[in-house]
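We did not get these values from a lab; they are worked out from the coordinates using the rules stated. Keep in mind that this is a model prediction, so the values were computed, not measured. Cβ coordinates were reconstructed from backbone atoms using ideal geometry, including for glycine residues, and neighbour counts include every protein chain displayed.
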Amino acid sequence: MLKEIIELHSLPVRILHWTQVFIIITLIICGFYIHYPGLLNIPFSTIKNIKGVFNFLLIINSSLYIYYSIISKHYLELIFSFRDIRFIPVFFKYIFFLKDEPGYYGKYNPGQKATYTFWFLLILVQIFTGLTLFYPETFGFFVKLLGGLNRIRITHYFATWLFVFTIPIHLYLAITEDPAKLQSIFTGYARR
Amino acid sequence: MLSRREFLKLCMQTTAGMSLARLLRPEILKALDQGEITRSPVIWLELGSCTGESISLDNTLDPDLKRLFLEIIDLRYHWLFIQAQGELAIKTLFKTVEEDAGRFILVVEGSVVTRNDGMYNIVLDRNGQLIPGIQLLKEIAPQAKHVVAVGACAAFGGPGAAYPNPAKAVGVQDILNLKVINIPGCPSHTEWMVGTLAHLIMYGEPELNNYNCPTMFFGKTIHDLCHRRSDYDNGKFANYPGDEGCFYKIGCKGPVTYADCPTRQWNNHINWPVKAGIPCIGCANPHFPDGMMPYFEHLPDIYLPGGKTRIEKIGATLGGITALGISSHMIGSILTGRMGKNQIKGTQLREPNPGEKAPVQEKILDNLEKTEKTSQELVLSKLDEILRYQHNLNIKLMKKPSFLKKLKFWVKKKDEK
């Protein structure tokens, strides 16, 4: 048999991934501080300014991510498609311990693809609701369409909770399921 | 006559102890004398309401209500403020509608009750026939020059249409296919009403925002105008009503409510809620009160078909499900030995089992060692690669690389060697 070094994550993917991690964690912390203020003895506007900057960093980084995914055709591996539906029974058998072998699905299994697609949509929702909250006068039409500022606030807040709940699943499975792939998000390479 | 710009300036400035009506009255009288404007007939209808707007209008001090009605507008019908009684009053109302069609301003107060064709909201008795509010509104409104909805109820349904809304009340604009100028607030400020009416008489329709509210009064959020805004920026938050500091933490709806209460203030520029020590409840918000309740919570309740709930409860449920899922999966993988197997053997990628196809997307960089057994699959893939490479070479001679390929600046091609 052959021993091979395989490039799993190219350099731009790794850079974009870790930048996104940093931005999203900062945004979640600042967002929760804005929702439950007064814990720290610092000016509230500092937190708001940090969040204001990172909002736009998220938009820039997400745009770059989308751009890179499209030009490198990486999105084919990331986004859940109809072709992945046939793998779902096998995947669920593995998750519920009915089957020992995980099986091969390509770069990511259907569960991962579904998670990444969900996050992609969630980030779009967050960017859109965030912008409407940031510029309510400019996006006045959408404010009325979506049912007022408070409704948008609830959506934004709830979407953040969805992030907070799905990130532990990602972390847990990444650490326990496949250390080789975990290594490759740092170094880019894995051995077979 | 006052130019429109000066008028707007006058409306937006606030002088202590001076009501807007007092500032406007001489200008309006001058314009009336010079014949530049005429006194518009006004019909004031009250539907499902608490008469709060009329009482709030009564709060105008200088000029008082009498002067306002007699000198500035020509009030033809208001069930509370007119002298005429019974049939005479109703005759006057319909006479105005007939004679001044296209000239009069219709002011509506209170939500439109739609249940049972509005029979829960009888507004008048015409020749022994009971007329519900919705019918009268539909009959009169198309003849009016402007329709003004005053108060949260008339503008957006408001408290009259609050959950669970047994009377099926709605705002005026949901019933009529006309442009309705909304003056929200529970109640509306006197000056919002007087100012808008004066603008309608002198210059026609004012500039409106997305919810059809005049931007001269509802152009900025309470939060932006608030005199406790510095406390918010400095992080000084009140924990209880009456404390010093910003009320953001205990559910002030100032950030989502567009109104000029902080600068205009209530009861003839004396005070307003935040100055008095309680958070804003957002009465001028289009989603008052369902979208604002509970008043002392940051975010409102969520109304589901089964009842109302809090977003925190939904969040906690989802969090519990996640924690349960992760912990049960962890127990399972420890018990079945999957965890140990993954951690020990998992430092390299899995070999495909016989019958399973290796993922094609993986980019093979280098072969470390070769055993005597040659992988048939690899030989085939290498052959395929060579073929593709040659194919590409041939193609490159003939065809220009596509735009997308030119943009692929980061994609490595180490495997080509």
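Assorted remarks:
- Residues A:69, B:54 arranged by fewest to most Cβ contacts within 10 Å: A:69, B:54
- Residue exposure proxy: A:125, B:172, ordered by other Cβ atoms within 10 angstrom of their Cβ from fewest to most, comes out as A:125, B:172.
- Violating pairs (Cα-Cα greater than 19 angstrom) within the set A:48/B:236; A:48/B:249; B:66/B:138; A:51/B:275; A:99/B:341: B:66/B:138; A:51/B:275
- For region B:194-261, the relative contact order comes to 31 percent (Cα pairs under 8 Å, sequence separation of at least 6).
- At R0 = 30 Å, FRET efficiency that the Cβ-Cβ distance of residue B:130 and residue B:179 yields, to 0.05: 0.50
- Amide H contacts of residue B:48 (H built 1.01 Å from N, under 5 Å, at least 5 apart or other chain): B:111, B:113
- Across region B:171-187, computed HN-Hα scalar couplings (Karplus, 6.51 cos²θ - 1.76 cosθ + 1.60, θ = phi - 60°) run x, 5, 5, 7, 9, 9, 9, 10, 6, 10, 8, 9, 10, x, x, 10, x Hz from first to last residue, x flagging Gly and Pro.
- Shape class for chain A: prolate, because the ratio a/c of the largest to smallest gyration tensor axis (alpha-carbon atoms, square roots of eigenvalues) is 1.5 or more and a/b beats b/c.
- Segment residue B:233-residue B:344, extension gain: residue separation times 0.36 nm, minus the distance between their alpha carbons: 34.7 nm
- Within region A:24-55: backbone nitrogen closer than 20 Å to the residue B:316 label point (7 Å, Cα to C-beta): A:32-33, A:35-37
- Residues in region B:325-341 carry Karplus couplings, in order, of x, 5, 5, 5, 5, 5, 4, x, 6, 6, 5, 7, x, 5, 4, x, 4 Hz; the curve used is 6.51 cos²θ - 1.76 cosθ + 1.60 with θ = phi - 60°, and Gly or Pro positions show x.
- Computed from the Cβ-Cβ distance with R0 of 30 Å, the FRET efficiency linking residue B:67 to residue B:143 stands at 0.60.
- FRET efficiency estimate (nearest 0.05) - Cβ-Cβ, residue A:186 to residue B:324, R0 30 angstrom: 0.50
- In terms of its alpha-carbon gyration tensor, region B:22-73 comes out oblate; a/c meets the 1.5 threshold, while b/c is at least as large as a/b.
- Counting Lys and Arg as +1 and Asp and Glu as -1 over every other residue whose Cβ lies under 15 Å from the Cβ of residue A:36, the net charge comes to +3.
- Note on region B:46-112 and region B:122-157: Cα centroid distance 12 Å, given to the nearest whole angstrom.
- At most 16 other Cβ within 10 Å, DSSP loop - trypsin sites (Lys or Arg not before Pro), region A:69-155: A:73, A:99
- Cα shape, region B:103-184, gyration tensor, a/c 1.5 rule: oblate
- Per-residue ³J(HN,Hα) for region B:142-158, Karplus 6.51 cos²θ - 1.76 cosθ + 1.60, θ = phi - 60°, Hz, x for Gly and Pro: x, 7, 6, 6, 10, 10, 10, 9, 9, x, 4, 5, 5, 6, 10, x, x
- Rounded to 5, the percent of DSSP beta bridges in the protein assembly as shown classed as antiparallel: 55
- At least 18 Å along the helix axis (C-alpha) and Kyte average at least -0.5, DSSP helices within chain A: A:11-35, A:44-71, A:110-134, A:148-177
- Only alpha carbons enter this Debye calculation for the protein assembly as shown, each as an equal point scatterer, and the log10 of I(q)/I(0) it gives at q = 0.07, 0.08, 0.11 Å⁻¹ is -0.63, -0.74, -1.05.
- Cα centroid separation, region A:124-170 to region A:7-64: 15 Å.
- Interchain or long-range residues, amide H under 5 Å from residue A:8's placed H: A:189, A:190
- For region A:86-192, the relative contact order is 16 percent, taking Cα pairs closer than 8 Å that sit 6 or more residues apart in sequence and dividing their mean separation by the residue count.
- Label zone at residue B:27 (point 7 Å along Cα-to-Cβ), backbone N below 16 Å, region B:180-221: B:191-207, B:215-217
- 5 angstrom amide H check on residue B:182, placed H, neighbours 5+ away: B:149, B:213
- Fewest-first sequence of B:70, A:133, B:20 by Cβ atoms within 10 Å of each Cβ: B:70, A:133, B:20
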